[in-house]
Every structure is written in C-alpha cells, then in structure tokens.
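Have a look at the structure below before the remarks.
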Amino acid sequence: MNFGLVVLGAHFGVWLTDVINKYKNDNILLVEPVPYNYKILKKNFYAFPNIYICNNAIYSSNKTDFFYYVKEDSISKLGKHWASQIGSFNKQHILDHKSKRFKIEECDIVQEKIKFITFDDLINQYSIDSIDKLQLDVEGSEYEILKSIKLERIQIRSILFETKHFDGTFKEDVKLKKIKNILIKNNYSLKQIDLENMLAEKIIFD
C-alpha cells in the first residue's frame, strides 16, 4: 500500500499543516511517542480514516527502553514553544539544549519505559510498500533510523531529515557523511534546504 506521507517525530502536527494538506487524499502515518503530543494528534485527526497515528518510538532495533521528554507542566515555565518537541532515548541530549534562555533541568524531564520498533516493523504493521515523502525530526535518532532502512526493499521518493544532531547535540560529522553516501549510492540527490534540514530525492531513470 502506498502512503503519501510518513512523519517520524510528528510533534502534535502544528508544523505539518501544509504538508498534510498536500497529501490529504493519500494515506498518512504520523509517528509520535511523546504521550501528550500523541493525544493531541489522536484528537485532531480522529475523523480522518486515511490518517494513522502511532505512538511507538522508531529505532534501529526492537527493544523496550527508557525514553525521555519534557514534562508537560514545564513547557510554559521554560518559555519555548519547541520544548514539547524534544523527546529522546538520551536524556543528556535534552539537557544539552540548556542555555541562558532555556533553563532545562533534570526535574523538567520525564523518564518512561516505552517500546522501540524498527522501521521495518513499522512499514509491516501498516502494510506500507511505498512512500512519497518520509520526514524525520527525531532528536538525534536520524542516523540510527536512516542506516537501518532497506532502500532496496521499499520505494521512497523523497526523504526530509534534520541534520543538526547527527553526531551529537548540535553536531554534524562522520555519521552524517555516512548517511549522505548511502543515499547517493541509492540514487538520491541531496539538497541542504536550510541550516537544519536536508532533502533527499530519488533520481528516476528513464
């Protein structure tokens, strides 16, 4: 089954309005493990039978492990609307966002055991055999997920992914280069569309 849009790290959908509208007539899968964001997605899209909501975290292996995210009650105190976006398997990744204007502390972080599944399991669960657009904003897990995708098995026309945390919080280095090489070898053209995001588009040969 084809999906027009698959988003890993959907937040609560506020920044996805345009892309969801673009694929509104196609199957859409929104993946979001942060519980309060997942509840908002379920509430906002319950009336759309073509939009599926998944609350698993995606990783390169199946496991039950700790997942960390900002407490819902701490978001207004921290004063940054994007605080609710930061969910990670690595608590230090969240703490490393601390700055003069974002005074995150350990007491602001929830630790919760959840089920991590692979990208393969995700596409099997929803019977996905092709994707028009795959979008990732997974707070440093991009490398683990992208390296695990069997690009020869599933047709993905374009992949939009965040680059700024590939080699640690706010670091880009060897891991990003490795993924870029994998994508190029699988006939994707690459374009850095802004300071934080890269677009890979499948080259179609006649």
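Among ASP26, ASP18, ASP120, the largest mean-square fluctuation in a Gaussian network model of the chain (Cα springs under 10 Å) belongs to ASP18.
Taking only Cα atoms and a 10 Å spring cutoff, compute GNM fluctuations for the chain and point out the largest among GLU196, GLU162, GLU139. The residue that fluctuates most here is GLU196. Here region 19-49 and region 115-168 have alpha carbon centers that stand 17 Å from each other. Distance from a point 7 Å along Cα→Cβ of LYS63 to each backbone N in region 140-176: keep the residues under 16 Å and list them by number. Residues 140-148 qualify, since their backbone N sits under 16 Å from the label point. For the chain, the Cβ-based charge dipole about the Cα centre amounts to some 180 debye (Lys, Arg positive; Asp, Glu negative; other atoms uncharged).
Over all other residues within a Cβ to Cβ distance under 11 Å of GLY79, the charged ones net out to +4, with Lys and Arg as +1 and Asp and Glu as -1.
A simple rule links phi to the HN-Hα coupling: the Karplus curve 6.51 cos²θ - 1.76 cosθ + 1.60 with θ = phi - 60°, which for region 55-68 gives 10, 7, 8, 9, 8, 7, 8, 7, 6, 10, 8, 6, 10, 10 Hz, with x for Gly and Pro. Database remark: amide H of CYS54 closer than 5 angstrom to the amide H of LEU30, VAL31, GLU32 (H placed geometrically; neighbours at sequence offset of 5 or more, or on other chains; Pro and chain starts carry no H). Comparing ALA57, PRO35, PHE102 along the charge dipole axis of the chain, the residue lying farthest to the positive side is PHE102, per the Cβ-charge model. As a quick test, which of the pairs LYS98/LYS202; LYS80/LYS202; LYS98/LYS185; LYS24/LYS191; LYS63/LYS177; LYS115/LYS171 have an alpha carbon distance above 31 angstrom in this structure? In this structure, LYS98/LYS202; LYS80/LYS202; LYS98/LYS185 exceed 31 Å between Cα atoms.
A full extension of the chain between ARG153 and ASP129 corresponds to an added length of 7.8 nm, given 0.36 nm per residue minus the alpha carbon distance. With springs only between Cα atoms under 10 Å apart, run a GNM on the chain and tell me which of GLU112, GLU172, GLU152 wobbles the most. Comparing GLU112, GLU172, GLU152 in a Gaussian network model of the chain, the most mobile one is GLU152.
Using θ = phi - 60° in the Karplus curve 6.51 cos²θ - 1.76 cosθ + 1.60, the 3J(HN,Hα) couplings for region 78-83 round to 6, x, 10, 5, 7, 4 Hz; x is entered for Gly and Pro. The modelled label-to-label distance for the pair LYS71/GLN192, using points 7 Å beyond Cα in the direction of Cβ, is 3.9 nm.
Could you tell me which chymotrypsin sites (Phe, Trp or Tyr not before Pro) in region 170-206 are loop residues by DSSP with no more than 15 other beta carbons within 10 angstrom of their beta carbon? Could the numbers behind the result be given before it?
Details: sites: PHE170, TYR188, PHE205; in loops: PHE170, PHE205.
In loop regions of region 170-206 (DSSP not H, G, I, E or B), the sparsely surrounded chymotrypsin sites (Phe, Trp or Tyr not before Pro) are PHE170, PHE205.
In this structure the amide hydrogen of GLN155, modeled in the peptide plane, comes within under 5 Å of the amide hydrogens of ILE131, none closer than 5 places in sequence on its chain.
Coordinate-derived values only; no laboratory data. Every value quoted in this text rests on a predicted model; they were computed, and no experiment measured them. Please note: Cβ atoms are built from the backbone with ideal geometry, for glycine as well, and neighbour counts cover all protein chains shown.
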